[in-house]
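Read through the structure below, which is laid out as structure tokens, and then see the notes.
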Amino acid sequence: MEIHVNDKFHNVFCRTEAFFDKEVHAEVIHNSKDLKKIEAVVVVEFVALHIEVKIQSWQDRTTVTLKDMSRSDVVRMHRLYEQLKEIFAWQTKGAIENVSPWALQLQLLPLCSFFDEFDGAWVDSQTMHDRVEALLNHAISCSADVRVEGAQELASWAEGCQQCRVHIAEALLKKDSQAVEALVQTSNLPLAEAYPLAATLHHTLLCPDAVNKLRNSCIARDFVAPGRLSNTSTPAIVVKEFFMAARCLDKVSP
């Protein structure tokens, strides 16, 4: 997918760098002006996409080419492309997209929320708790594929379904040492797992009732302790979610 920008290479490269730094949740893997390339893992709605961006310039006209190296999610890739294109909107003219009509149709389809099944219907507390506990079991599974899917769904619930947050806190307490082990090991996990787990904790702790449940738990003591945030092997976007989780605890703590 290409974006044609009426600007010089330096300006376009810097704005693309800023996009990955400020506009999206991304971990830059490789960044080289000499090679005219930026490579990053971008988390779009808790799904990790491996993106390569090449920037080529002729006089005052520059082309930004996006490539999905992971080829994992065409819909989210198009959403990311549209978001990047928006920052150059006033400078673009006749952008060419190397995509099929089928892919363009997918771009228009809304993503289904993992908690859409609850919309418009009353759901009893036990049912919601059981669903949340099942997702947490997936997130700490022995299978890497199951863990990724479970972490993504759990993070989506924590972000978009406020009534789920207390249930997530209760499920974390029930798992206790297993949950802490999974969270503490995020520095060794792929970003596709680590970021959703950290985001789950952050969004869960936006709920004061969830904070009250977790405040004195080993999750709070061992996971969001200040020393944890200094772990340089943990990706920066994951550390940011940890930091926000710790701030949520501080705000409610007596």
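The values are calculated or read from the model by the stated rules, or taken from the named source; none is laboratory data. Fair warning: this is a prediction, and the values are worked out from it, not measured in the lab. A quick note on method: Cβ atoms are made from the backbone with ideal geometry, for glycine too, and the neighbour counts reach across all protein chains shown.
Of everything listed in (1) modelled with pLDDT of 85 or more; (2) among the polar types (S, T, N, Q); (3) touching a helix residue (DSSP H, G or I) at 6+ places or on another chain (Cβ under 6 Å), the single unmet condition for SER141 is (1). Residues in the stretch 57-81 that are surrounded by 13 or more Cβ atoms within 10 Å (Cβ to Cβ) and acidic (Asp, Glu) were compared, and the one that is modelled with the lowest pLDDT is ASP73. Here SER100 clears all of (1) in contact with a helix residue (DSSP H, G or I) (Cβ under 8 Å, 6 or more places away or on another chain); (2) modelled with pLDDT under 85 except the condition numbered (1). Listed by first and then second residue, the pairs with beta-carbon distance under 7 Å, at least 6 apart or on different chains, first residue in the stretch 173-199 and closer than 15 Å to ALA236 by Cβ and assigned by TED's automatic domain parsing to the domain that holds ALA220, second crowded, with 23+ Cβ neighbours inside 10 Å and modelled with pLDDT under 75, are ALA194/THR186; ALA198/THR186.
For every residue, the table says whether it meets (1) outside the structural domain of TRP157 (by TED's automatic domain parsing); (2) in contact (Cβ under 8 Å) with a residue 24 or more places away in the chain; (3) over 22 Å from ALA151 (Cβ atoms); (4) in a loop (DSSP other than H, G, I, E, B).
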position: ARG15; (1), (2), (3), (4): yes, yes, yes, no
position: GLU27; (1), (2), (3), (4): yes, yes, no, no
position: ASN31; (1), (2), (3), (4): yes, no, yes, no
position: VAL64; (1), (2), (3), (4): yes, yes, yes, no
position: VAL75; (1), (2), (3), (4): yes, yes, no, no
position: LEU80; (1), (2), (3), (4): yes, yes, no, no
position: GLN83; (1), (2), (3), (4): yes, yes, yes, no
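Among the residues making up the stretch 29-39, a single one is among the aliphatic types (A, V, I, L, M) and surrounded by 15 or more Cβ atoms within 10 Å (Cβ to Cβ): ILE38.
I'm checking my understanding of the structure. Among residues of the stretch 33-46 that are assigned to a loop (DSSP other than H, G, I, E, B) and within 16 Å of the chain's Cα centre (by Cα), which one is nearest to ALA151 (Cα to Cα)? Result: PHE46.
When LYS8, LYS37, LYS22 are checked against the criterion of being in the same structural domain as ARG76 (by TED's automatic domain parsing) and free of Cβ contacts under 8 Å to residues at least 12 places away in the same chain, a single residue qualifies: LYS22.
Identify all residues within the stretch 18-54 that are basic (Lys, Arg) and at pLDDT below 90; write none if there are none.
Quick first cut of the stretch 18-54, residues basic (Lys, Arg) only: 22, 33, 36-37, 54.
Those that are basic (Lys, Arg) and at pLDDT below 90: LYS22, LYS33.
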